[in-house]
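This report refers to the structure that appears directly beneath it.
Bear in mind that the values in this text are calculations on the coordinates, not laboratory data. Bear in mind that the values here come from a model prediction, so they are computed numbers and not experimental data. Virtual Cβ from ideal backbone geometry, glycine too; neighbours counted across all protein chains shown.
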Amino acid sequence: MTEQRIGPDKEVTLHFALKLESGDVVDSTFDKAPATFKVGDGNLLPGFEAALYGFKAGDKRSLQIEPENAFGQPNPQNVQVMPRTQFVDMELSEGLLVIFNDAANTELPGVVKAFDEQQVTIDFNHPLAGKRLSFDVEIIEVRPA
């Protein structure tokens, strides 16, 4: 039987750690059960998935993922200024995560960037947008999906 390598129509079990350039860990499975996904199922961003193509069980790598292949660059249009009156009875602080509901009643998280008595600036970009990430992986198993 030929060695299974990561690509289309494969299911992959792996450990991973996602780190910022500072070395701070954003997410990791190394201290818990490994993750399993089917290539193309949307559980991994396409840029992360593509970086794994060709790997096989037993491979361990540390990959650098550029923002364009991860969470993208921040979009200035995703920063909104809202009236302070929309935040009555809420104690605001910079960095506070606030959940909004859009027209379809889907939750939309935003981070408070600045505020004063009149207005509040909310950033709806993904918190990892614009960040270069380190993606440490250990491939445990690759099998047909």
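For segment 23-131, state which chymotrypsin sites (Phe, Trp or Tyr not before Pro) are in a DSSP loop and have at most 12 other beta carbons lying within 10 Å of their beta carbon. Let's see the in-between values first.
Details: sites: Phe30, Phe37, Phe48, Tyr53, Phe55, Phe71, Phe87, Phe100, Phe115, Phe124; in loops: Phe30, Tyr53, Phe55, Phe71, Phe124.
Within segment 23-131, the qualifying chymotrypsin sites (Phe, Trp or Tyr not before Pro) (loop, at most 12 other Cβ atoms within 10 Å) are Phe30, Tyr53.
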By how many nm would the segment from Ala104 to Lys60 lengthen if fully extended, with 0.36 nm per residue of separation less the alpha-carbon distance?
11.7 nm
What is the Rg over Rh value, at two decimals, for segment 76-123, using alpha-carbon atoms and the Kirkwood definition of Rh?
0.95
GluC sites (Glu not before Pro) within segment 3-88: which are DSSP loop residues with at most 15 other Cβ atoms inside 10 Å?
Glu3, Glu21
Considering the chain, what Rg and Dmax in Å follow from its alpha-carbon atoms?
19.3, 68
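Which whole number of Å³ per residue matches the convex hull of the alpha-carbon atoms in segment 105-145? Working shown, then result.
Values: hull volume 6.1 nm³, N = 41.
Once divided by residue count, the hull of segment 105-145 is 148 Å³.
Helix-only mean residue ellipticity at 222 nm, the chain, DSSP H runs n ≥ 4 weighted -39,500 (n - 2.57), per residue, nearest 500. What is it?
Details: 1 runs with 7 residues, N = 145.
Computed ellipticity for the chain at 222 nm equals -1000 deg cm²/dmol.
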Just to be sure I understand the model, the point goes 7 Å from the Cα along the line to the Cβ. What's the resulting Thr85 to Asp41 distance in nm?
4.9
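Counting other beta carbons within 10 Å of each Cβ, put Glu117, Glu66, Glu107 in order, fewest first. Could you put the intermediate results ahead of the total?
Details: Glu117 5, Glu66 11, Glu107 8.
Ranked by crowding around the Cβ, least crowded first: Glu117, Glu107, Glu66.
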Can you tell which of Pro83, Pro67, Pro34 shows the greatest fluctuation in a Gaussian network model of the chain with Cα springs below 10 Å?
Pro83
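What number in nm² do you get for segment 1-58 if you take the convex hull of its Cα atoms and divide its surface by four? Before the final figure, lay out each step's value.
On the way: hull surface 18.9 nm².
One quarter of the hull surface, i.e. the mean projection, equals 4.7 nm².
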